[in-house]
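Nothing in this text is a laboratory measurement; each read-out follows from the coordinates by a stated rule. On a predicted model such as this, the values are computed, not experimentally measured, just so you know. Every residue, glycine among them, receives a Cβ derived from its backbone with ideal geometry; neighbour counts consider all protein chains shown.
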Amino acid sequence: MDVITEHAHQSIKQGSRSFSLASKFLPKRYRDDVAMLYAWCRYCDDVIDGQEMGHGQISDYKHGQLDRLSYLNKRTAEALSGKFINDPIFDGLAKVINNNCIDHKYPNELLRGFSMD
């Protein structure tokens, strides 16, 4: 298992027991991609909410939120362009997008949703 995939499986295992268990019901060929997609979603949500693995929200998380969203948009755009940046979160997203021909509008819509947080 490569570093990107290993990081993703650790992320889903630590971030959500229910998602981790549910992913085991999927055919084996999908599990790595599901874990990498989860890792990206979890990371983005944590960055916006000032948390780690969905816990420990900092009290002034709204401060700097637009800058953090801008950072996520930039890094995600790099991943969507197929650029690998030596970051397991965004490199994992790039792999999932490329492996599954996912329309770029979906990750972009998720990020747009964070502007409402």
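Here are a few things to note about the model shown:
- Computed Kirkwood radius, in angstrom, where 1/r is averaged over Cα pairs of the chain: 14.5 Å
- Mean Kyte hydropathy of 0.0 or more with a Cα span along the axis of at least 20 Å, helices from DSSP in the chain: none
- Furthest towards positive pole of dipole, THR76, ILE48, VAL96, structure part the stretch 3-114, Cβ charges: VAL96
- Bridgeable lysines around LYS105 (alpha carbons under 22 Å apart, same-chain partners fewer than 8 residues away excluded): LYS74, LYS83, LYS95.
- Contour excess over end-to-end distance, with Cα ends at ASN86 and ARG112 and 0.36 nm allotted per residue: 6.9 nm
- Cβ-derived FRET efficiency at R0 22 Å, CYS101 paired with LYS74, nearest 0.05: 0.45
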